[in-house]
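In what follows, a structure is listed as structure tokens, so that the remarks can point back to it.
The values are calculated or read from the model by the stated rules, or taken from the named source; none is laboratory data. Everything numeric here is computed off the predicted structure, so don't read it as measured data. So basically every Cβ, Gly included, is an ideal-geometry build from the backbone, and we count neighbours across all protein chains shown. The accessibility values were calculated without ligands, DNA or RNA, using every heavy atom of the protein model including side chains. Shrake-Rupley method; radii C 1.70, N 1.55, O 1.52, S 1.80 Å.
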Amino acid sequence: MIREAIILAGGLGTRLRSAVPDLPKCMAPVAGKPFIAYVTDYFSRQGIQKFIFALGYKSEHFEGFLQSELPATGYEISVEKEPLGTGGAIRLACSLAKEKTVLVLNGDTFFGIQVDELSAFHREKQADCTLCLRPMENFDRFGVVEVDEDQRVRSFREKQFYKSGLINGGVYALDRARFLQEPLPEKFSFESGWLEKVYTSRRLFGLVQDNYFIDIGIPEDYERVQREAGELKTLHN
């Protein structure tokens with residue numbers, strides 16, 4: 001069972017600046033509490049015992065939240081001195097993890113995956129990385145991930161309009177030791193700089209979970225999550 005999670009929470013959030021000008025986007029309020037609180041509440045109930053927060057932009061805004069919402073033994077902080085990209089941030093945070101497999105989450109996305117199912121799938125496939133995929137219809141904000149009959153990733157397709165497809169939900173089970181051994185630069189994108197480059201030579205698999213999903217990276221979806229706060233509360237209670 002996966003017990004540790006890295007939460008990527010260091011992004012600049014430029015697209016959400018008009019709606020939330022003074023906060024990191026994952027700290028944006030939703031029904032009176034930071035969006036990221038719904039993420040930590042849900043995954044705590046899914047069995048995650050330790051969160052490693054990969055911080056950068058306005059990291060000081062997290063201090064009060066962490067001290068009030070999580071036990072002192074339930075989190076660590078990994079702070080980038082300069083932007084490292086998602087890949088560099090994950091690798092830096094991996095150095096603080098202890099378990100063989102770590103869950104990787106985006107702090108501005110809620111995807112209600114079942115961690116026990118992901119853990120079993122990842123172990124069965126002996127995967128280097130398992131991507132949580134979500135079916136979606138009529139979209140253009142996300143690229144598409146294609147898998148074969150064994151659910152192994154066979155291609156990544158760029159962002160454009162799709163009538164239907166599987167999107168990368170931004171939740172991963174990652175073999176920490178193998179990832180740390182990869183010959184990677186200090187700064188890189190986890191998605192385009194690693195996943196999309198190594199899927200033919202590493203064991204990358206996709207697990208489809210058709211559960212609640214929202215990414216608050218743009219004002220329209222931040223407004224939508226305000227309307228759907230009741231559903232989020234139901235999921236994390």
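Applying 1/(1 + (r/R0)^6) with r as the Cβ-Cβ distance of K58 and E182 and R0 = 35 angstrom yields a FRET efficiency of 0.75. Put simply, when 155-163, 194-202, 85-93 are sorted by average Cβ atoms within 10 angstrom per residue, most first, you get 85-93, 194-202, 155-163. Taking 0.36 nm per residue of separation and subtracting the current Cα-Cα distance, fully stretching the chain between K197 and K163 would add 9.7 nm.
Based on the Cβ-Cβ distance of Q126 and K81, what FRET efficiency does E = 1/(1 + (r/R0)^6) give at R0 = 25 Å, to the nearest 0.05? The calculated FRET efficiency here is 0.10.
Whenever you get a sec, compute what percent of the accessible area on the chain sits on carbon and sulfur atoms (1.4 Å probe). The C+S portion of the solvent-accessible surface of the chain is 47 percent.
Per residue, region 44-190 exposes 48 Å² of solvent-accessible protein surface, assessed with a 1.4 angstrom probe and all protein chains in place. Ignoring lysines fewer than eight residues from K25 along the same chain, the ones with Cα atoms less than 26 angstrom from its Cα are K33, K50, K58, K81, K159, K187, K233. Projecting label points 7 angstrom from Cα along Cα→Cβ for K98 and N138 puts them 4.9 nm apart. Looking at region 112-237 alone, DSSP beta bridges between its own residues are antiparallel in about 75 percent of cases. Taking a Cβ cut-off of under 12 Å around F161, the surrounding Lys, Arg, Asp and Glu residues balance to a net charge of +1, with basic ones at +1 and acidic ones at -1. For G85, what charge total do you get from the other residues with a beta carbon under 13 Å from its beta carbon, if Lys and Arg give +1 and Asp and Glu give -1? Local charge sum for G85: -2. Compute the Cα gyration tensor for the chain, then decide on rounded, prolate or oblate, letting a ≥ b ≥ c be the square roots of its eigenvalues: rounded whenever a/c is under 1.5, prolate when a/b is larger than b/c in the other cases, and oblate in all that remain. Since a/c stays below 1.5, the shape of the chain is classed as rounded. Cα gyration tensor of region 117-237, axes a ≥ b ≥ c as square roots of the eigenvalues: rounded (a/c below 1.5), prolate (a/b > b/c) or oblate? Prolate, since a/c reaches 1.5 and a/b exceeds b/c. Rounded to the nearest 500, the helix-only mean residue ellipticity at 222 nm of the chain stands at -7000 deg cm²/dmol, with each DSSP H run of n ≥ 4 adding -39,500 (n - 2.57). For the chain, a simple Cβ point-charge model (Lys and Arg +1, Asp and Glu -1, everything else neutral) yields a dipole of about 300 debye relative to the Cα centre.
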